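In what follows, a structure is listed as structure tokens, so that the remarks can point back to it.
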Amino acid sequence: MQAMIPQKTLDWNPGRPEQALTLPARYFYDEGIFRQERDRIFYPAWHAVAHESEFEEVGAYVVTDLFDQSVIVMRGQDKQLRAFHNVCQHRGNRLLEDRRGKTQAVIRCGYHSWCYAQDGSLRTAPRTERLRGFDKSQYGLKPVRLETMGRFVFVNFDPDATPLASITEGAEAEMRRYLPDLDRMKLVSETDVIVPANWKVIMDNSIEGYHFGLSGPVHKHLASLIDFKGYRLTPHDKWWTYIGPPMPGANSAYGESLAGATWQTDWFFNIGVWPNTTFYCFPFSDILGTFIMIPLEPEKSLLRFGYYAPSHRPLAQVTKSCIRWMNEELGPEDIQLNVTQQKGLRSFGYDQGRYLIDAERSNESEHLVHHFHKLCYDAIQAA
Ligand code: FES
Ligand SMILES: [Fe+2]
């Protein structure tokens, strides 16, 4: 039986989007591809880990794990924000396990109590006075690169990575056009969901509007809030947008009346940053959402939904209902599609299909999926 089943292809010709076959199915479950993505896409990329407002107090920290790596971002006594590898420099014990917290003056390793100041320097290390030639200054926490965009904090493991600001040139200005209160955002809540699907399956679903009117009822509700003809998906190399104007005359959303509600934008605004970060706003809702697909295994991802809102006004009921709607209705409807697509991708009966791409790059065109697949493919190929 095994010998008669041909190995599915890894050959792909990105070609012209209109004519290209889709990225072969094996890219969505193959172990070798997954390792190459880790090494060539994720380790050298910028990753959004938190918003600056999460570090208002000295010692406040956020921990983010990515594959076998873990990073601490922390506010120091000197008010500076820094990122460190989450590992003790004695014998390699992981230091912090909680996603968020606040240290009292030092980070203490739970194994032999080496203590690090909030700037990462090694402050005390019990019994090391017995050591000849031990120089504490050589054993500080190892730094990780940190940059911000729109007050969101990004980290990168690659000391030689191109600066985030160069990769995302123009992106922050686009965010500010739709989010005038970007600087006043505060974390409202964060929800992590494990999805049994490849991270690209989840991404692909989020960067096309073809399924909006054609899949489930919750998507139809979303489409009803947008003047969908005007929805446009625009690639800019390592970042991209998909934006739609509000439906004129809409008077309710997410089960709430819009009477008296306030929001930053009534547009459906989404901006993606290579490889796996999305910021978005739903129409008539006063949240800025983050949507991050963190690969765990070839066919398992952690989907992190962050919700931020302007801190200087109370959360409108429509906004609260929108968060609930995303967590309990739209998210699950998409996740169900992610799960069934992941199952189909392994079928002996499927290898490659076609992208639905039209000349005018319309609201339903899948050109952004092709663009994203080409970025992934090029990164994997670049040895
Ligand atoms: S491993 Fe951290 S103090 Fe020993
Ligand atoms: Fe969707």
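The values are calculated or read from the model by the stated rules, or taken from the named source; none is laboratory data. This one's a predicted model, so the numbers in the text were calculated from it and none came from an experiment. Neighbour counts are summed over all protein chains in view; Cβ atoms, including those assigned to glycine, are modelled from backbone coordinates with ideal geometry. These area figures cover heavy atoms from the full protein model, side chains too; ligands, DNA and RNA do not enter into them. Shrake-Rupley method; radii C 1.70, N 1.55, O 1.52, S 1.80 Å.
For residue 278, state whether it is open to solvent by 60 Å² or more (accessible area, probe 1.4 Å), at negative phi and within 16 Å of ligand 2 (Cβ to nearest atom).
Answer is no for this residue.
Before we move on, is residue 10 outside any strand (DSSP E or B) and either open to solvent by 50 Å² or more (accessible area, probe 1.4 Å) or assigned by TED's automatic domain parsing to the domain that holds residue 342 (or both)?
Yes.
For the subset of the stretch 57-113 comprising residues that are out of contact with any Cys (no Cβ under 6 Å at 6 or more places or on another chain) and basic (Lys, Arg), which member is nearest to ligand 2 (Cβ to nearest atom)?
99
Out of the residues in the stretch 330-366 that are among the small types (Gly, Ala, Ser) and crowded, with 18+ Cβ neighbours inside 10 Å, which is farthest from the chain's Cα centre (by Cα)?
Only one residue fits best here, namely 365.
Could you grab me the full set of residues in the stretch 290-319 that are small (Gly, Ala, Ser) and buried (at least 20 other Cβ atoms within 10 Å of the Cβ)?
301, 306, 309, 316 - these are the residues of the stretch 290-319 that are small (Gly, Ala, Ser) and buried (at least 20 other Cβ atoms within 10 Å of the Cβ).
Write out, first by first residue and then by second, each pair whose Cβ atoms fall under 8 Å of each other, whose residues are 6+ apart or on separate chains, and whose first residue, in the stretch 99-111, is under 18 Å from residue 79 (Cβ atoms) and in contact (Cβ under 8 Å) with a residue 24 or more places away in the chain while the second is within 15 Å of ligand 1 (Cβ to nearest atom) and open to solvent by 30 Å² or more (accessible area, probe 1.4 Å).
Taking only residues 6 or more apart or on different chains, not a single pair turns up.
Of the residues that sit in the stretch 191-214 and are away from ligand 2 (no atom under 14 Å from the Cβ) and in a loop (DSSP other than H, G, I, E, B), which one is most open to solvent (accessible area, probe 1.4 Å)?
Going through the qualifying residues, I end up with 196.
Please tell me if residue 119 is free of Cβ contacts under 8 Å to residues at least 12 places away in the same chain, surrounded by fewer than 17 Cβ atoms within 10 Å (Cβ to Cβ) and in the same structural domain as residue 145 (by TED's automatic domain parsing).
Spelling it out, it is not the case that residue 119 is free of Cβ contacts under 8 Å to residues at least 12 places away in the same chain, surrounded by fewer than 17 Cβ atoms within 10 Å (Cβ to Cβ) and in the same structural domain as residue 145 (by TED's automatic domain parsing).
For residue 23, all conditions in the list (1) without any contact (Cβ under 8 Å) to a residue 24 or more places away in the chain; (2) open to solvent by less than 10 Å² (accessible area, probe 1.4 Å) hold save one; what is the number of the exception?
(1)
Scan the stretch 297-309 and tell me whether some residue there is modelled with pLDDT of 95 or more, within 16 Å of ligand 2 (Cβ to nearest atom) and out of contact with any helix residue (DSSP H, G or I) (no Cβ under 8 Å at 6 or more places or on another chain).
no
Failed condition for residue 257, given (1) surrounded by fewer than 17 Cβ atoms within 10 Å (Cβ to Cβ); (2) in contact with a Leu (Cβ under 9 Å, 6 or more places away or on another chain), with all others met?
Failing condition for residue 257: (2).
Does the stretch 370-382 contain any residue that is part of a loop (DSSP other than H, G, I, E, B), surrounded by fewer than 18 Cβ atoms within 10 Å (Cβ to Cβ) and in contact (Cβ under 8 Å) with a residue 12 or more places away in the chain?
Looking for residues that are part of a loop (DSSP other than H, G, I, E, B), surrounded by fewer than 18 Cβ atoms within 10 Å (Cβ to Cβ) and in contact (Cβ under 8 Å) with a residue 12 or more places away in the chain, one finds at least one in the stretch 370-382, hence yes.
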